[in-house]
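Asker: Quick one: the structure is below, questions incoming.
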Amino acid sequence: MKVHNFSAGPSILPKEVLQESAKSTLQLKNIGMSILEISHRSIDFLNIINEAKTLTKELLDIPNTHEVLFLQGGASLQFYMSALNFCGKHKCSGFLDTGIWAKKAINEAKKVSKTIKIGSSSDKNYSYIPKNISFNEDFDYIHLTSNNTIYGTQIHSFDFINKHIKTEKLICDMSSDIFSRRIDIKNFDLIYAGAQKNLGPAGTTLIIIKKDSLTNKEDRPTYLDYRTHINKESLFNTPPVFSIYVSLLTLRWINKNGGIINIEKKNIEKSNALYNEIDRNSLFFGLVEKDDRSIMNATFDLYDQNLKRKFEELCNKERISGINGHRTTGGFRASMYNALEKESVNKLIEVMQTLENKNKK
Ligand SMILES: Cc1ncc(COP(=O)(O)O)c(C=O)c1O
């Protein structure tokens with residue numbers, strides 16, 4: 001049964017990745033054991049995690065200055081851990097407030113240092129990316145959320161940050177757009193992303209960290225210190241073996257499908273098609289300023305709320321799943337992660353057109 005899965009996360013994974021991971025839960029290759037029952041110190045798992053790191057580095061063109069880690073605790077743990085490790089002599093960090101995830105990061109960082117919002121789009125329900133920012137403060141680091149999963153905004157160019165802000169370090173939560181587009185990794189000191197959108201099942205968190213950026217020498221709880229995990233190559237304690245294995249399968253899939261350049265091209269095609277329909281269709285409108293629209297999560301709504309039930313019924317009939325907006329924003333949200341095929345976007349567009357044809361004034 002074909003379901004068009006637009007869920008915001010955990011979300012759609014490539015079918016062949018699911019098939020291979022299903023097989024591996026019974027038997028990994030020909031080793032006679034399931035991926036779920038092998039030691040994380042075994043050669044089979046070491047090969048898996050090493051290949052996952054190598055592929056991540058190759059696909060994202062990560063320079064040797066940076067290390068790749070697979071940790072646990074989700075992006076939510078990174079809100080605190082990043083602040084703890086990157087808080088430096090200024091005891092002050094700057095945040096771009098682009099909504100709920102950014103606010104959660106701010107609240108955790110407050111426990112470690114002074115935090116300043118260098119910009120906020122709260123005045124318009126986070127429907128844009130604030131870019132005209134200028135501050136004289138000296139910051140230890142600036143924290144950004146590249147893609148705001150809930151509101152459907154995305155930072156398309158990071159240039160505006162370095163121009164008017166005094167900071168040496170840049171941290172970015174890329175949970176919902178990592179591997180979806182090309183990124184110049186060398187500009188970032190820390191990137192973190194929960195796996196459960198473009199990478200694999202929930203359980204592991206991808207960390208890309210610039211090794212010499214950890215200048216804060218303070219003693220920290222062992223587990224919350226990036227140096228622990230760098231030194232132990234992500235094997236300080238038992239890692240989430242299955243989540244890392246499925247992530248490897250997804251990385252192989254990205255590689256096989258032309259790498260990030262090709263994935264990005266497809267993501268732009270898919271999102272352009274849907275946004276064109278949102279703008280064309282007389283029943284719908286987009287919730288976000290056009291320049292800041294996300295290629296991953298498109299948010300939109302109906303002018304006439306009386307049509308909501310009808311639209312949902314049509315979606316259900318066509319097995320379109322997961323397009324309800326976040327509980328705090330309402331409306332609709334179509335998440336178009338890497339594994340979502342264009343065919344699914346076309347189906348959603350078709351349903352929007354059917355609704356329009358049935359309800360022409
Ligand atoms: C941008 C962003 N940051 C952080 C999170 C929280 O991630 P986790 O559940 O892995 O802690 C999410 C979850 O959807 C997210 O979209």
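The values are calculated or read from the model by the stated rules, or taken from the named source; none is laboratory data. Model, not experiment: these values are computed from the prediction. Every residue, glycine as well, gets a Cβ built from its backbone with ideal geometry; the counts of neighbours run over all protein chains shown.
Asker: Please list, ordered by first then second residue, the pairs with beta carbon atoms under 7 Å, 6 or more apart or interchain, first in the range 114-136 and under 15 Å from Asp292 (Cβ atoms), second loosely packed, with under 15 Cβ neighbours inside 10 Å and not polar (S, T, N, Q).
Answerer: If the second residue must be loosely packed, with under 15 Cβ neighbours inside 10 Å and not polar (S, T, N, Q), the pairs left are Ser127/Glu289; Tyr128/Glu289; Ile133/His164.
Asker: May I pose another question? So, of the residues in the range 74-97 that are hydroxyl-bearing (Ser, Thr, Tyr) and either over 22 Å from Gly9 (Cα atoms) or not assigned by TED's automatic domain parsing to the domain that holds Ile161 (or both), which turns out to be farthest from the ligand (Cβ to nearest atom)?
Answerer: Ser93
Asker: Taking the range 180-203, which residues are farther than 19 Å from Ser234 by Cα and either buried (at least 24 other Cβ atoms within 10 Å of the Cβ) or within 14 Å of the ligand (Cβ to nearest atom) (or both)?
Answerer: Result: Ser180, Lys197, Asn198.
Asker: Among the residues of the range 150-178 satisfying the criterion of being in contact with a helix residue (DSSP H, G or I) (Cβ under 7 Å, 6 or more places away or on another chain) and part of a loop (DSSP other than H, G, I, E, B), which is farthest from the ligand (Cβ to nearest atom)?
Answerer: Lys169
Asker: Exactly one condition in (1) within 27 Å of Val246 (Cα to Cα); (2) away from the ligand (no atom under 16 Å from the Cβ) is false for Asp212; which is it?
Answerer: Among (1) within 27 Å of Val246 (Cα to Cα); (2) away from the ligand (no atom under 16 Å from the Cβ), the lone unmet condition for Asp212 is (1).
Asker: So if I check each of Ser294, Ser282, which one is buried (at least 18 other Cβ atoms within 10 Å of the Cβ) and of a type in the set (Gly, Ala, Ser)?
Answerer: Of the residues listed, the single one that is buried (at least 18 other Cβ atoms within 10 Å of the Cβ) and of a type in the set (Gly, Ala, Ser) is Ser294.
The rows are residues; the columns are (1) among the hydroxyl-bearing types (Ser, Thr, Tyr); (2) out of contact with any strand residue (DSSP E or B) (no Cβ under 8 Å at 6 or more places or on another chain); (3) within 18 Å of Ser176 (Cα to Cα); (4) not assigned by TED's automatic domain parsing to the domain that holds Thr153.
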| residue | (1), (2), (3), (4) |
| --- | --- |
| Tyr275 | yes, no, no, yes |
| Asp279 | no, no, no, yes |
| Phe284 | no, no, no, yes |
| Ala298 | no, no, yes, yes |
| Leu307 | no, yes, no, yes |
| Arg319 | no, no, no, yes |
| His326 | no, no, yes, yes |
| Arg333 | no, no, yes, yes |
